[in-house]
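The structure under discussion appears below in the form of structure tokens.
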Amino acid sequence: MRLFTLCALIMTVLLAACGGGGGDKKNKQIYPPGTLPESKAIQSINLSPSSVTTGTVVEISATYTNPGTFENSTKFWQVSGGTLSEGAPDFDMILRQVADASGASSSLNTAASQVYWFTPTTPGSHKIKLRVDGASLDRIVDVTSAPVYLEVVPGEDDTMIVRILGRDVSDLYQGAFRILFNQSLYEPLAVQPGTLLGGPDDVLFLGLTNQSGFVPIGITRKGDVPGVNGNGVIAEALFGKRTVSHAPRALAIAGFELGLHIIRDSSGEPIWGE
């Protein structure tokens, strides 16, 4: 069962949600400023989890003064960073679009009561906008660093070592990750597990170097055992340079980014960070 979960996680890394969508634009009544009926007010935009970290998935919904007013209305959602998905991303199933799909979008028209936000991969403040039947509301969200991050250091023979590290993790049991890289500068050579989740006898691991622009990685502890706590290397990838640079090596760490990632505890629940 754990092996099946790892395979599902790898497929999640390989695939990501698509956004956009048309939506029914009929029955749109626009109210002049200051005349919107109270029954059509949007009270709040809600996030689950409420603490938003980089590179993960957040469910977005809204609370209305009169919920029945908007039940079947087409809602326009927009985020200033990351992308949106109408369908619920099931971590144990394949998501709906290839990882580098151009169809992913920062805006979405849907009648669904909630949407899913694939958050940006870098920290910062971002705006969520909802507009429906003449009513609108914005919310500013602070996206903070996730409990996993990248470290990039020079290796031997003009290579680069890219490590995925855990920071103050609690009960970490398994994870799936995507290392994004600049294909014009680097090529992946090898991927291997780190030591945070245990030694070779303690984990199942899969990493691929044959994907375009990203390296998918999946790792899980074996059996009915607890997750781990603390700090350390979860996995690392070795990259070769496509062109030799005579610039100082410290300047060569650009070109890597931790993309969509999913980490879980020993109960199979997502770990969102603080």
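When all alpha-carbon pairs of the stretch 148-265 are counted, what percent fall beyond 24 Å? Intermediate results must be reported in sequence, preceding the final value.
Numbers: 1805 of 6903 pairs.
That tail contains 26 percent of the Cα-Cα pairs.
Taking R0 as 41 Å, what's the FRET efficiency between A112 and L208 from their Cβ-Cβ distance, rounded to 0.05? Could the numbers behind the result be given before it?
Working: r = 33 Å, r/R0 = 0.80.
With a Förster radius of 41 Å, E is 0.80.
Please list, in chain and number order, the residues 5+ apart from V143 or on another chain whose amide H is under 5 Å from its amide H, with Hs placed from the backbone.
G124, S125, H126
Report the calculated FRET efficiency for T144 and T63 (r = Cβ-Cβ distance, R0 = 25 Å), to the nearest 0.05.
Efficiency for this residue pair is about 0.55.
Taking every pair of distinct Cα atoms and averaging 1/r, then inverting, what Kirkwood hydrodynamic radius in Å comes out for the stretch 114-184?
On the way: mean 1/r = 0.0625 Å⁻¹.
Answer for the stretch 114-184: a Kirkwood hydrodynamic radius of 16.0 Å.
Modelled label-to-label distance, S50 and V153, 7 Å Cα→beta-carbon offset: nm?
About 3.9 nm separates the two model spin labels.
Values in this text are rule-based calculations from the coordinates and carry no lab data. Computed from a predicted structure; not experimentally measured. For neighbour counting, all protein chains shown are included, and Cβ atoms are generated from backbone atoms with ideal geometry for every residue, glycine included.
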